[in-house]
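A.B. asks: Starting off with a structure, shown below.
The values are calculated or read from the model by the stated rules, or taken from the named source; none is laboratory data. As the structure is a prediction and not an experimental result, all values here were calculated from the model. Ideal geometry is used to build each Cβ from the backbone, glycine not excepted, and the neighbour counts take in all protein chains shown.
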């Protein structure tokens with residue numbers, strides 16, 4: 001990723017038990033044996049001390065990541081993730097205009113299922129995988145979709161959207177990987193020094209929010225990550241070119257905010 005990474009600018013919430021950040025696209029959540037360089041913990045730990053990884057995002061996905069600051073908090077958070085006690089909401093910019101407004105995809109997935117190491121649909125050897133989808137905005141040949149995975153398979157949202165015929169924009173594994181340029185949206189490209197800059201040149205997927213219970217108090221928390229600059233830029237460019245009346249958009253996707261079931265004990 002380009003530019004200096006400033007840990008303080010990533011933080012959405014910090015207390016003695018949790019550190020919640022808005023991970024930038026391009027920064028791995030964990031060390032990558034193939035690509036040397038910084039990763040999320042190596043950037044954050046010099047400022048915030050020892051951290052425990054609870055979950056991860058793909059390298060080129062931006063958005064909410066929660067880390068534990070104590071071993072006890074790590075165990076409590078792991079239990080919530082393992083028992084599907086968290087609610088994850090993603091926003092994906094996909095290619096195409098789906099024929100549906102809301103849809104639930106219930107197709108078993110097997111990771112590392114082909115020569116490209118993709119996650120594939122496999123009715124026999126795949127693990128149960130469910131994703132709720134909802135159209136947020138139709139923008140010409142692109143659509144902004146909300147995705148709520150009920151399971152946490154590798155590349156689950158990417159694989160489920162691809163099998164529906166609407167792969168995520170700029171996805172090199174499940175789509176064509178082509179960057180989005182202003183010149184592809186309207187005449188008159190913006191050119192700097194003879195080279196047109198892309199509006200979006202990484203996977204069009206953002207982890208928008210994460211709902212969980214505080215590992216110490218049991219209080220329900222919803223952490224939201226603002227869109228990064230590249231995601232905002234491409235959406236604004238698409239809206240200015242293809243926007244449809246807002247009253248034709250759905251007013252609610254699944255529910256207005258993530259909902260957590262009450263706990264009997266904590």
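A.B. asks: Please specify each residue of segment 22-38 satisfying the condition of being without any contact (Cβ under 8 Å) to a residue 12 or more places away in the chain and surrounded by 12 or more Cβ atoms within 10 Å (Cβ to Cβ).
C.D. replies: 31
A.B. asks: What residue, of 127, 88, is crowded, with 16+ Cβ neighbours inside 10 Å, touching a residue at least 24 places away in the same chain (Cβ under 8 Å) and either over 22 Å from residue 202 (Cβ atoms) or within 16 Å of the chain's Cα centre (by Cα) (or both)?
C.D. replies: Of 127, 88, the one residue that is crowded, with 16+ Cβ neighbours inside 10 Å, touching a residue at least 24 places away in the same chain (Cβ under 8 Å) and either over 22 Å from residue 202 (Cβ atoms) or within 16 Å of the chain's Cα centre (by Cα) (or both) is 88.
A.B. asks: Kindly state which strands (runs of 3 or more DSSP E) lie completely within segment 62-148 and contain at least 2 residues that are farther than 27 Å from residue 180 by Cβ and in contact with a helix residue (DSSP H, G or I) (Cβ under 8 Å, 6 or more places away or on another chain).
C.D. replies: Strands (runs of 3 or more DSSP E) meeting the threshold: 62-68.
A.B. asks: To continue, here is another question. Pairs needed: first member in segment 105-118, surrounded by fewer than 17 Cβ atoms within 10 Å (Cβ to Cβ); second member anywhere, in a loop (DSSP other than H, G, I, E, B) and at pLDDT 90 or above; C-beta distance under 6 Å; at least 6 residues apart or different chains.
C.D. replies: Correct list of pairs: 111/119; 111/154.
A.B. asks: Only one of (1) touching a residue at least 24 places away in the same chain (Cβ under 8 Å); (2) surrounded by fewer than 18 Cβ atoms within 10 Å (Cβ to Cβ); (3) not in a loop (DSSP other than H, G, I, E, B) is not met by residue 19, so which one is it?
C.D. replies: Residue 19 satisfies every listed condition except (2).
A.B. asks: Additional query: List the strands (runs of 3 or more DSSP E) that sit entirely inside segment 189-255 and contain at least 3 residues that are surrounded by 20 or more Cβ atoms within 10 Å (Cβ to Cβ) and modelled with pLDDT of 95 or more.
C.D. replies: Ranges flagged: 205-213.
A.B. asks: Mind counting the residues in segment 149-175 that are in a loop (DSSP other than H, G, I, E, B), free of Cβ contacts under 8 Å to residues at least 40 places away in the same chain and more than 14 Å from the chain's Cα centre (by Cα)?
C.D. replies: Result for segment 149-175: 1.
A.B. asks: Across segment 39-61, what is the total count of residues that are in a loop (DSSP other than H, G, I, E, B) and either touching a helix residue (DSSP H, G or I) at 6+ places or on another chain (Cβ under 7 Å) or exposed (fewer than 13 other Cβ atoms within 10 Å of the Cβ) (or both)?
C.D. replies: Summing the residues that are in a loop (DSSP other than H, G, I, E, B) and either touching a helix residue (DSSP H, G or I) at 6+ places or on another chain (Cβ under 7 Å) or exposed (fewer than 13 other Cβ atoms within 10 Å of the Cβ) (or both) in segment 39-61 gives 5.
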